[in-house]
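Engineer: What follows is a single structure, and I will ask about it in a moment.
The values are calculated or read from the model by the stated rules, or taken from the named source; none is laboratory data. Everything quoted here is computed from the prediction, not taken from an experiment. Note: ideal-geometry Cβ built from the backbone for every residue, glycine included; neighbour counts use all protein chains shown.
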Amino acid sequence: MRLKGKVVIVTGAGSGFGEGIAKRFAQEGAGIVVNDINAHGGQRVAGEISSAGGKAVFVKADVTRASDWASLVGSAQSAFGRLDVVVNNAGWTHRNKPYLEVSEAEFDKVYAVNVKSVYLSAMHAVPVFRAQGGGCFVNIASTAGLRPRPGLTVYNSSKGAVILMSKSMAAEFGADKIRVNCVNPVFSPETALSADFAGGAVTEEARKRFLATIPLGRFSTPLDVANACLYLASDDASFVSGVCIEVDGARCV
């Protein structure tokens, strides 16, 4: 098992990519702190992991709040005795619309959920990693941070910030044996934000429009993203830090 003995926080793990990451990591032996702001989804995922023979606890927390991050990290230590990996997966977007129609409140929420959460995760997890002699962050950004689509300018820029923040964190924390990497998924109709990305219902026409931009001819799945994260979180990637892996079927080429 590639993550045997490791303890992992996965934010936004109550559905979509986060659910896929949490379940895949549990299959590889990790103890999982399933985090979501939605208690129903988070409890379901933690319960399904436990029922399948894995180890998981659910912690409801808002990743935009420092006190909630303190609770998340403390819960990992209380439940499993340590913390090895933080997967910053929680995300939010405004609906696809012209830049000048994005409200200030929407702008603030996009940056709070997508960017501030990564900052807060480091503020609370890095001291633990330093005390243990190392650790790992895997930050979920997006192909939108590399090849932006119109109508999502604020979201796109927030994911660009996550990409650069991940690289800079890797450079700064490398001396502490802390690795920081990034995964950039392409559009997936299996996530809760897909309708917002599409600007409405994900119709067959919308699916075809997105699919036409992906050379491999299919959308990313939670398992695709989870497998990339698994590599980066495992000891197989012990000398890999500051990289971004596009899980996008060659869209960004």
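Engineer: Output the qualifying pairs, or none if there are none: Cβ atoms under 7 angstrom, residues six or more apart or on different chains, first residue in region 98-111 and in contact (Cβ under 8 Å) with a residue 12 or more places away in the chain, second residue of a type in the set (Gly, Ala, Ser).
Structural biologist: Pairs found: 98/151; 110/158; 111/158.
Engineer: Of all residues in region 207-232 being surrounded by fewer than 19 Cβ atoms within 10 Å (Cβ to Cβ) and hydrophobic (A, V, I, L, M, F, W, C), which is nearest to the chain's Cα centre (by Cα)?
Structural biologist: Keep residues of region 207-232 that are surrounded by fewer than 19 Cβ atoms within 10 Å (Cβ to Cβ), which gives 207-209, 211-218, 221, 223, 227, 231.
Add one more test, that the residue is hydrophobic (A, V, I, L, M, F, W, C), and what stays is 211-212, 214, 216, 223.
Numbers: 211: 22, 212: 25, 214: 21, 216: 23, 223: 13 Å.
Among them, the one singled out is 223.
Engineer: Could you figure out which of (1) closer than 28 Å to residue 144 by Cα; (2) crowded, with 17+ Cβ neighbours inside 10 Å; (3) at pLDDT 95 or above isn't true of residue 95?
Structural biologist: (3)
Engineer: Select from region 201-221 the residues that are under 23 Å from residue 102 (Cα atoms), small (Gly, Ala, Ser) and modelled with pLDDT of 85 or more and list them in ascending order.
Structural biologist: none
Table: residues versus (1) under 30 Å from residue 177 (Cβ atoms); (2) charged (D, E, K, R).
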site	(1), (2)
54	yes, no
58	yes, no
93	no, no
96	no, no
101	no, yes
114	yes, no
123	yes, no
131	yes, no
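Engineer: Pick out, from region 159-253, the helices (runs of 4 or more DSSP H) lying fully within it that include 1 or more residues that are touching a residue at least 24 places away in the same chain (Cβ under 8 Å) and within 19 Å of residue 125 (Cα to Cα).
Structural biologist: Values: elements: 194-198, 204-211, 222-233.
Per the criteria, 222-233.
Engineer: When the residues of region 67-106 are narrowed to those that are under 18 Å from the mean Cα position of the chain (by Cα) and of a type in the set (A, V, I, L, M), which ends up nearest to residue 3 (Cα to Cα)?
Structural biologist: 85
Engineer: Here's something else I'd like to know. Can you confirm whether region 43-59 contains a residue that is surrounded by 17 or more Cβ atoms within 10 Å (Cβ to Cβ) and of a type in the set (Asp, Glu)?
Structural biologist: no
Engineer: Identify the single condition in (1) at pLDDT 95 or above; (2) surrounded by 19 or more Cβ atoms within 10 Å (Cβ to Cβ); (3) not acidic (Asp, Glu) that residue 198 does not satisfy, given that it satisfies every other one.
Structural biologist: Going through the list (1) at pLDDT 95 or above; (2) surrounded by 19 or more Cβ atoms within 10 Å (Cβ to Cβ); (3) not acidic (Asp, Glu), residue 198 breaks only (1).
Engineer: Let me ask something additional. Determine, yes or no, whether residue 153 is modelled with pLDDT of 90 or more, of a type in the set (S, T, N, Q) and surrounded by 15 or more Cβ atoms within 10 Å (Cβ to Cβ).
Structural biologist: Criteria met by residue 153.
Engineer: Test of understanding: among 7, 73, which residue is touching a strand residue (DSSP E or B) at 6+ places or on another chain (Cβ under 6 Å) and not basic (Lys, Arg)?
Structural biologist: 7
Engineer: Let me ask something additional. Restricting attention to region 223-236, which residues are of a type in the set (A, V, I, L, M) and out of contact with any strand residue (DSSP E or B) (no Cβ under 7 Å at 6 or more places or on another chain)?
Structural biologist: Passing the criteria: 223, 226, 230.
Engineer: So for region 99-112 (the condition being surrounded by 14 or more Cβ atoms within 10 Å (Cβ to Cβ), in a loop (DSSP other than H, G, I, E, B) and hydrophobic (A, V, I, L, M, F, W, C)), does at least one residue qualify?
Structural biologist: yes
Engineer: So how many residues does region 31-79 have that are part of a loop (DSSP other than H, G, I, E, B) and among the small types (Gly, Ala, Ser)?
Structural biologist: Going through region 31-79 one residue at a time, the tally reaches 4.
Engineer: Between 131, 66, which is aliphatic (A, V, I, L, M), surrounded by fewer than 16 Cβ atoms within 10 Å (Cβ to Cβ), at pLDDT 95 or above and in contact with a helix residue (DSSP H, G or I) (Cβ under 8 Å, 6 or more places away or on another chain)?
Structural biologist: 66
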